[in-house]
1. Which of the residues belonging to region 121-166 are exposed (fewer than 12 other Cβ atoms within 10 Å of the Cβ) and within 26 Å of the chain's Cα centre (by Cα)?
2. Which number in (1) within 15 Å of the ligand (Cβ to nearest atom); (2) surrounded by fewer than 21 Cβ atoms within 10 Å (Cβ to Cβ); (3) touching a residue at least 40 places away in the same chain (Cβ under 8 Å) marks the one condition that residue 177 misses?
3. Counting only residues that are surrounded by fewer than 17 Cβ atoms within 10 Å (Cβ to Cβ), give me the helices (runs of 4 or more DSSP H) lying completely in region 233-310 with at least 3 of them.
4. Kindly provide the set of residues from region 244-269 that are within 19 Å of residue 63 (Cα to Cα) and without any contact (Cβ under 8 Å) to a residue 12 or more places away in the chain, ordered by number.
5. Quick check, is residue 49 touching a strand residue (DSSP E or B) at 6+ places or on another chain (Cβ under 7 Å), farther than 19 Å from residue 297 by Cα and either within 11 Å of the ligand (Cβ to nearest atom) or at pLDDT below 95 (or both)?
6. So, residue 68, is that one more than 15 Å from the ligand (Cβ to nearest atom) and without any contact (Cβ under 8 Å) to a residue 24 or more places away in the chain or not?
7. Could you please let me know if residue 32 is within 11 Å of the ligand (Cβ to nearest atom) and assigned to a loop (DSSP other than H, G, I, E, B)?
Ligand code: GLU
């Protein structure tokens, strides 16, 4: 390895290609790109197509084309490839399997046969924000019980977490902390269909792609402590996280890939790329008013301290 390699900042955009990008995905891509571009780092595109039912190559290719149309060019990844290929998670099965086996040596990983309704039913422990914390009921199954259940169902696999608080300094939110056992619980690293789970895949890929900076929505904030726990088990350096506000519709709803008004398909018919970027940069606190501007011009003056911390409603009429 080149000795300067570890000094280079590497950021990534890791979309799930399950539809056309919407303003929320784009907001994340833009802030991630600006942060890296303003520091002359390398921006990597990783396609998180772990779920074959929901994702497709067609969406992945469209997404690349949309990014390039906007001027958010990537140095590595997607169909362009690069030295840490594969950049499509659907091609990484063997890599995840190897890490899964390695993790089994340093942590307890156990089969879980719980159904969705057992996990999410009224009796399951819920946190105040509605999240469910797994109660660990499959952890105490005897080997005989496991054998019996295996005959009927294939299990998911969970990794046991310690009753420990993990804290980290978020570049957007400041100090964040989470108790792994009480606020997240033992989590799934392999799904019951045999596929590897998001929490495992994302960490394995960010480690092997030497990612030093992760910009993503605050909706993923609760996943960060468990992911840091995996970094620790894998003895890998933890990247810097920036959890950015989630964009909401003017009436406060989460944006959806099914909502045509916020989809790039519609937006590209109405606006030029600099007009879209300027409006998003305005929401991100980078411009006093929305005006047409290129990605490169924005990068020259990008400042994290101006990015709001709270989730943001898109003002009616802005788009
Ligand atoms: N693929 C995830 C998503 O589209 C993002 C993963 C991440 O940024 O850690 O929501």
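1. Across region 121-166, the qualifying residues are 125, 128, 129, 130, 162, 163.
2. Result: residue 177 fails condition (1) only.
3. Numbers: elements: 264-270, 273-283, 295-300.
Output list reads 264-270, 295-300.
4. 260, 266, 269
5. Numbers: touching a strand residue (DSSP E or B) at 6+ places or on another chain (Cβ under 7 Å): yes; farther than 19 Å from residue 297 by Cα: yes; either within 11 Å of the ligand (Cβ to nearest atom) or at pLDDT below 95 (or both): yes.
Considered against the rule, which asks whether it is touching a strand residue (DSSP E or B) at 6+ places or on another chain (Cβ under 7 Å), farther than 19 Å from residue 297 by Cα and either within 11 Å of the ligand (Cβ to nearest atom) or at pLDDT below 95 (or both), residue 49 comes out as yes.
6. Numbers: more than 15 Å from the ligand (Cβ to nearest atom): yes; without any contact (Cβ under 8 Å) to a residue 24 or more places away in the chain: yes.
The answer is yes for residue 68.
7. On the way: within 11 Å of the ligand (Cβ to nearest atom): yes; assigned to a loop (DSSP other than H, G, I, E, B): no.
Considered against the rule, which asks whether it is within 11 Å of the ligand (Cβ to nearest atom) and assigned to a loop (DSSP other than H, G, I, E, B), residue 32 comes out as no.
Quick grid of which residues meet (1) in a helix (DSSP H, G or I); (2) more than 17 Å from the chain's Cα centre (by Cα):
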site: 40; (1), (2): no, yes
site: 49; (1), (2): no, no
site: 52; (1), (2): no, yes
site: 55; (1), (2): no, no
site: 63; (1), (2): yes, no
site: 68; (1), (2): yes, yes
site: 74; (1), (2): no, yes
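The values are calculated or read from the model by the stated rules, or taken from the named source; none is laboratory data. Everything numeric here is computed off the predicted structure, so don't read it as measured data. So basically every Cβ, Gly included, is an ideal-geometry build from the backbone, and we count neighbours across all protein chains shown.
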